[in-house]
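Novice: Take this structure first; my questions come after.
Read the figures in this text as sums done on the coordinates, not as results from a lab. Predicted model, so just to flag it, every value in this text is computed and none were measured. All Cβ positions, even for glycine, are placed from backbone atoms using ideal geometry, and neighbour counts span all protein chains on display.
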Amino acid sequence: MSRPEQVLVLFGSPNKKGYTHILTSLYLEQLQNKLHNQMEIEYIYAYEKKYLPCLGCEKCDTTGVCIWNQKDQYDQLLEKIQQADTVVLASPVYFSGFPAPLKALIDRAQQKYAVKFKDGKGVNQKLRRGVLISTCGADTTKFFPMLQLAAGMFFDCLDIGIAETLFASNTDDPGNIKISDMEQKARDVK
C-alpha cells in the first residue's frame, strides 16, 4: 500500500470558519474523492504562528538560511513544505493582496530564492503540486491575478508548480453566497 498524499494547507484567514475555510474544505473534499480517501491534511494557521517578516538584511543571500528561522520555527515550516505532496495556499484578499501574517510567511521564502535564483540559473523543478484558493469580499475578480503572481513566486522558490486555482468573490454579503456554487467551483477544479 502506498503512503497517503500529504496535503499542507497554509491558511491565511483570521476566520477559521469563514468563506475561505468553506471553499478550502470543499476543494479538499473533492481532492479526497479523487485520491480515494488516501490523504492526510495538516493546517498551518498564519495568524497563530506569527512568522516574523523579512528584514531585507540579505544574510540569506550567502547562507540560504534566514536569521529568524530558529526564533519563529520557520525552518520547521520549510521541512513540512518539503514533505508535502500538495501545498494549498488559502487566503482572503486584503487590500489587493494577502493578509499580513500570510504575506510574512510568503516573503520569508526569500531565503530559498536567494540561493536558487540570484545567479539567474535557478529553475522551478515543480516537485510538488501547488493550489491557490482565495476569497474576495468585493464583487470582482480583478484582485485574484495579484495573488496568483505572489503565490507563483512563492511556489517557484520552493519547487512547487501551481496546478490549480479556485476563487470566490462577493463574499462580504452572506446573502450572495451559495454553498452550492462553491461546491460546483470545487468540483470544476481539475
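Novice: Using 1/(1 + (r/R0)^6) with R0 = 30 angstrom and r between the beta carbons of TYR45 and LYS118, what's the FRET efficiency to the nearest 0.05? Walk me through the numbers before you get to the answer.
Specialist: Details: r = 31 Å, r/R0 = 1.04.
Taking R0 as 30 Å, the efficiency between TYR45 and LYS118 is 0.45.
Novice: If you don't mind, another one. Find the centroid of the Cα atoms in the stretch 16-63 and in the stretch 100-172, then give the distance between the two in whole Å.
Specialist: 11 Å
Novice: Structure shown: which of LYS16/LYS49; LYS118/LYS142; LYS34/LYS112 lie over 22 Å apart, alpha-carbon to alpha-carbon? Intermediate results must be reported in sequence, preceding the final value.
Specialist: On the way: LYS16/LYS49 14 Å; LYS118/LYS142 31 Å; LYS34/LYS112 32 Å.
Pairs exceeding 22 Å: LYS118/LYS142; LYS34/LYS112.
Novice: If you don't mind, there's one more thing I want to ask. Taking 0.36 nm per residue of sequence separation and subtracting the Cα-Cα distance, how much length would be gained by fully extending the chain between GLN125 and GLN82, in nm to one decimal?
Specialist: Working: separation 43, 0.36 × 43 = 15.48 nm, distance 1.25 nm.
So the chain would gain 14.2 nm between GLN125 and GLN82.
Novice: Then there's this: Could you pull out the chymotrypsin sites (Phe, Trp or Tyr not before Pro) across the stretch 78-142 that fall in loop regions by DSSP (anything but H, G, I, E, B) with no more than 16 other Cβ atoms inside 10 Å?
Specialist: Details: sites: TYR94, PHE95, TYR113, PHE117; in loops: PHE95.
Answer by residue number: PHE95.
Novice: If you take the beta carbon distance between SER2 and SER25 as r and set R0 to 25 Å, what does 1/(1 + (r/R0)^6) give as a FRET efficiency, to the nearest 0.05? Provide the component values of the computation, followed by the final result.
Specialist: Numbers: r = 25 Å, r/R0 = 0.98.
With a Förster radius of 25 Å, E is 0.55.
Novice: Sticking with this structure for a sec: Which number comes out as Rg/Rh for the chain once both Rg and the Kirkwood Rh are worked out on C-alpha atoms?
Specialist: Values: Rg = 16.6 Å, Rh = 17.1 Å.
Value, to two decimals: 0.97.
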